[in-house]
Amino acid sequence: MTVLSFSLTPDATGRMYELLVCLAKFGDSVSLEARSEKASPLTITALNLSRTAYASFALDAKTFFISYDFQATSSLKNGDRFTCQLLNKALQSVFKSRANEGRSRESTVERCDVSIQDQPDKTECRLIVKMLCKHGLTKTYRLTYESVEVMHALFDKSAATQGWRISARVLREYVEFFGPKTEQLDLLAQDGKAIFTSFTEKIQDGKEVLKHPLETAITIHVEDFEEFHMQENMHIVVSVKDFKAIVAHAETMRGSISAQFSFPNRPLQFSYQNSGIYCEFTLMTDDVRGATSTANAKFVSTRSSSRQPSVVPVHSFNRTYSEMPPPARPPMNQSFGSQRQSHSLGSQNRQNSMAESDPDPESLFVSGGEDDSRWDPPALDNDDGEDMLGWDSNYENPGASFHPQLEDREPVAPAEPSLQQTGTQATEGLEPTQRLSQLHGMFD
Amino acid sequence: MANSQPLFTAVSSSARQLILLLRCISFAKKVQVRISLDGLHFTTDQGSVMEAFVVLEKALFTSYTYNHPAPPSSQDDPLPQPVFEVSLSSLLETLSIFSLYDPATIKRPSGDPSFDAFGAHRLHRHAGFDPFSARSLGMTGTCTFTYDGDGSPLRIHMAESGVTTSCDLTTYEAASTDPIPFRRDALALKTIMRSTYLLDAIVELASLTPTELTINAFPQSRRQHGTSALSISASGALGSVSVSFSAPSSPSNGAATTADPPILETFQCHNSTRARFSFSALQAAQRAMGAATKVSLRIDEAGVLSLQFLVEIEPVSNAGGALSIGNEKVAFVDFRVVSLVDDEYAEEEDSGGSSTADD
Amino acid sequence: MRFRASITNIHTFTKFTASLATLGHIAWVRLDEKDVRFTVIPENGSQVWSVLAKDAVFDTYTIQSAAPGNTINLEVPLAPLQRALKSAQNGTAANIRLTKKDNIPLLSLTITTSTMNNPVPHGTQNDTGVEEFREESVDFFGSRQDRETVVTQDVPIRVLAPASVQGIHEPVCREPDVHIVLPNLMQLKSISDRFTRLASSSKSKSGFGAGSSGPKLELSGNMHGCLRLSLSTDAMRIKSLWTGLENPELDPDHVSQGEDGLANHPSTRMKAMGDETGETDEGWATVRVEGKDWGRVLSVGRLGGRVIACFCHDHALILYVFLNGEGPGEGESVLTYYISSYSA
């Protein structure tokens, strides 16, 4: 029998593809959860393998769908919910061609009908997608799905008192600067500026240094944000890959993207919404660079001192989000709090943050951590001490450890033979291409 | 061949047109070439499952001379037309030498598919690229074909401002294969549509990486209102896809259809027809589907599929002028595909066994 | 040791780096008071020795080193440098300097961009909360366009001791047999790449091209303005012929033994053979180049300079790529490619 059926406009069909592309960057499979409630009855989610990143798209019944019909019956294992999982790839191929329509494709979609036939007694369950195109062309897809329980990440918005909001388009342009191989992204507020640094754990090992990816720091005035409130000198680290995936999708939604967070090692949430799609990404954060908040927490904030407390950023965020459906529902706490989750986006985090949450957001940071002067911020202004570096006289002396890669200098010695070699060949000239093996000390 | 005049010479002012047509059948390594008085016949095949052919008609060339040798005596049968094989990729690459700047080969700065087009424009502008002028260069080249009989190479000579290229393609003895028979007089199905519809359907099916596809057709008498007349379907590990086309409206209410042209311009089918084909064979025709404007899809009663593509060739605008008289010229590219033996006849279920069954 | 400069010609520098990056991953960069030298010596394939006059791309150029001649030698990975330079394409200013962070020496690019966000109306917003929120912030930060965003790109490098680069010498070849100005490199590259592809497509069955390296193209030039590119495979024989190219006159001042040297110069002897049609077999100096490597060399065409090819028959091909200086008083910027000929 049909548990769920809904119809989409061509525009929503294209949006569906875009969100699937985004979800594919988090996991191979996507989970669907359907409910009968009005607000946003259908949620499509993905959780990454290491369970450190969770992406969720909640679709609004009125805005996103032409029609939405959910038959809650007793046959459903979860009572009033239907959940299933299927391969993102399969679903993407269904919605794929819609994305590049308008070029030469004749078959413009006029409506997309989706229905899920749940047959508890049968192993083969089907999700049927019908693309109704112009001129009586119909494409029908039958995909198999797996009926499984779905997990959602929890995020305690009330504890996440810091955050920012910026145009996704602007952020997208900056994201392009990050090198393709960098792994982590450090978010930092300093001197009235936000600094986004993409980096990779340092390799100090001589030659390997040259394989180190480009490290990119982007310094943006907080005034370029629509909203900014973050503790000075606190580092929040997330995955560059996740961040890029989110920003790329956010840009297609043509709005602003918000970040909300509390401390390093606690979850952070990115969110944005448009066209009846509520997008939330909960990412586990890190502070690998060993920096933590200071005892005397100062904030870099666009919050105006003349403003009423009621419009401080925290409240703005909450007000905005109050219209969003709670992404996590009580029944799911159980599954989410399972052992497997405890080290990533787990219930522990939730409990901790709940325990520490305080009506006064400022108080959160009083016992936040210790001052860490080891942290060396990316120096933007020229610093003579920084600029001075050299091999100098120490360079060829293995005893003096001026450079960590000093041991790599040892191959310098074999340069002598090649020098002699050149000497003998001087009259005949050098071969037009010298083989690297002849050259020591440089490209070894 | 004591005569100094070559057996065959033809000059084309647009290698582009020839490439366009030859690419349609470029799924095989070698192509069979037959020279006749009417034009150059090119044939490729995929085993005995599929064959494709295209004729570069005499009219496509600015000059076309084939000195068909007379038989020794008028009583004898006429001498056979020259037939040989050449490497198809070498032929295409050679003809493409002057299509300097293929836009498809302009690399995007990153592998990111969502790369900002405006950024690309800026980048290219600053890099001093001008794809249009470079491409137009490629259209001005003329090319000359010569062939001097058995054992001699097929020579292509091309000239363009400042540079000439000549290429001797090694000719190989043609393997003699019988064409796949197609019975025009015993058709089970005939339908005509824009070929992009067919391309779209094949691309859609390809997402499941199927090994075979099924074509179903239903005569009007067997259809209820609103059901489709033709469907193309396939299944794979991820699920199944079916693309269905509704029949043209019946003549009785034909007046209402001017704004909304029917997807099937012609549809003739008297009995329900179902046939299965190797998906790779249909995929091999994808380039033709992309190049053509219309396709006539026919299945005869023996289950042989014929796809005839109508390819419009843009008028040549060169100063030579000879070709610009005819406005839009058309060429035909033909594919024939043998159906997989149906389950009703053979018990073997999987396509692996049945694809060779018709040898 | 100190190096700092502002980059005035980011496009040239980017294209320059991109051309080098096709040949190898790492460049030896030598900075001194006059110019910047980039040398790429890949494990396999052609090498390039290039000189960029400092004024060609830099301004406010500061260098300070304890080494003789006030030079700094670095090993620089080209791909990250290229990427870093690319991000400066739309910047308003870009500076490069030598620095150190976490004990790793870096070339740090600092790029200033003007803020790109002209406040776009978000017409599709349908959430009133968001719209309201936005208006507040737009209203509050009215002058948002005037700020600058700073992007820093840190390229990890290695600093080389003078001794470690002493043993590297630019190749010296005998006097060339033929020197000729190459035709439009885009056309030459496009045709060369087709040839390479043709060779690869028929390679499998013929065993063409000895060893594991790719297919070889035969490149010939004569002293009568002809350049010929040819290839033979089992499936075909193909050649492209350019005519009417320029054979630049040699300057006696730059030839050893002056006028006498010129009279006995190999190219003078070659001039006596062959003709302008390129149809004869005489008078050609020929080299065999590896198709893919040749294609990588030709990517220097993006710099748009004048290219002179010097053929040492059966031995080597040397390309001189002269970049157009933008003003008088600028030093000469030239890239020199050394391409070995493979044996037939």
Selected residue [open to solvent by 10 Å² or more (accessible area, probe 1.4 Å), farther than 21 Å from A:ASN274 by Cβ, more than 10 Å from every other protein chain (Cβ to nearest Cβ) and of a type outside the set (Gly, Ala, Ser)] from A:GLU232, A:GLU208, A:GLU223, A:GLU176:
A:GLU232
Is there a residue in the range B:135-146 that is modelled with pLDDT of 90 or more, open to solvent by 50 Å² or more (accessible area, probe 1.4 Å) and not small (Gly, Ala, Ser)?
no
What about B:ARG16, is it within 30 Å of B:SER280 (Cβ to Cβ) and buried (at least 19 other Cβ atoms within 10 Å of the Cβ)?
yes
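Taking the conditions exactly as written (within 14 Å of chain B (Cβ to nearest Cβ), surrounded by fewer than 18 Cβ atoms within 10 Å (Cβ to Cβ) and at pLDDT below 90), does A:GLU106 satisfy them or not? Let's see the steps before the verdict.
Details: within 14 Å of chain B (Cβ to nearest Cβ): yes; surrounded by fewer than 18 Cβ atoms within 10 Å (Cβ to Cβ): no; at pLDDT below 90: yes.
So A:GLU106 does not fit the description; no.
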Here are some conditions: (1) within 23 Å of A:PHE243 (Cα to Cα); (2) in a loop (DSSP other than H, G, I, E, B); (3) in contact with a Ser or Thr (Cβ under 6 Å, 6 or more places away or on another chain). A:VAL150 meets all but one. Which one does it not meet?
(1)
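Answer with yes or no whether A:ARG142 is open to solvent by 20 Å² or more (accessible area, probe 1.4 Å) and outside any loop (DSSP other than H, G, I, E, B). Before you say what the answer is, go through the steps one by one.
Numbers: open to solvent by 20 Å² or more (accessible area, probe 1.4 Å): yes; outside any loop (DSSP other than H, G, I, E, B): yes.
So A:ARG142 fits the description; yes.
Of the residues A:PHE336, A:PHE317, A:PHE261, which is surrounded by fewer than 23 Cβ atoms within 10 Å (Cβ to Cβ) and either at pLDDT below 90 or outside the structural domain of A:ARG35 (by TED's automatic domain parsing) (or both)?
Numbers: A:PHE317 fails: surrounded by fewer than 23 Cβ atoms within 10 Å (Cβ to Cβ); A:PHE261 fails: surrounded by fewer than 23 Cβ atoms within 10 Å (Cβ to Cβ).
It is A:PHE336.
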What are the pairs, 6+ residues apart or on separate chains, where a residue within the range A:34-58 that is in contact (Cβ under 8 Å) with a residue 60 or more places away in the chain has its Cβ under 6 Å from a residue that is of a type in the set (Asp, Glu) and surrounded by 20 or more Cβ atoms within 10 Å (Cβ to Cβ)?
A:SER40/A:ASP60; A:THR43/A:GLU33; A:ALA53/A:ASP242; A:SER56/A:GLU280
Keeping to the range B:61-94, report how many residues are at pLDDT 90 or above and either among the aliphatic types (A, V, I, L, M) or in a loop (DSSP other than H, G, I, E, B) (or both).
8
Please enumerate the residues belonging to the range C:94-111 that are closer than 11 Å to C:VAL151 by Cβ and aliphatic (A, V, I, L, M).
C:ALA94, C:LEU109, C:ILE111
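Looking at the structure I just gave you, is A:GLU183 more than 8 Å from chain C (Cβ to nearest Cβ), open to solvent by 10 Å² or more (accessible area, probe 1.4 Å) and under 16 Å from the mean Cα position of the chain (by Cα)? So that I can check it myself, show each step before the final result.
Details: more than 8 Å from chain C (Cβ to nearest Cβ): yes; open to solvent by 10 Å² or more (accessible area, probe 1.4 Å): yes; under 16 Å from the mean Cα position of the chain (by Cα): yes.
Yes.
So which of A:SER56, A:SER50, A:SER40 is modelled with pLDDT of 80 or more, open to solvent by less than 40 Å² (accessible area, probe 1.4 Å) and part of a loop (DSSP other than H, G, I, E, B)? Don't jump to the end; show me each part of the working.
Details: A:SER56 fails: part of a loop (DSSP other than H, G, I, E, B); A:SER50 fails: open to solvent by less than 40 Å² (accessible area, probe 1.4 Å).
Only one candidate passes the filter, namely A:SER40.
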Quick check: anything in the range B:58-81 of a type in the set (Val, Ile, Thr) and more than 19 Å from C:MET236 (Cα to Cα)?
yes
Only one of B:PRO181, B:PRO210, B:PRO219 is touching a Gly at 6+ places or on another chain (Cβ under 6 Å) and touching a residue at least 24 places away in the same chain (Cβ under 8 Å). Can you tell me which?
B:PRO210
I'm trying to understand the selection: among the residues of the range B:172-202, which are within 14 Å of chain A (Cβ to nearest Cβ) and surrounded by fewer than 17 Cβ atoms within 10 Å (Cβ to Cβ)?
none
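The values are calculated or read from the model by the stated rules, or taken from the named source; none is laboratory data. Predicted model, so just to flag it, every value in this text is computed and none were measured. Every residue, glycine as well, gets a Cβ built from its backbone with ideal geometry; the counts of neighbours run over all protein chains shown. Just the protein is used for accessible areas: all its heavy atoms, side chains included, with ligands, DNA and RNA removed. Shrake-Rupley method; radii C 1.70, N 1.55, O 1.52, S 1.80 Å.
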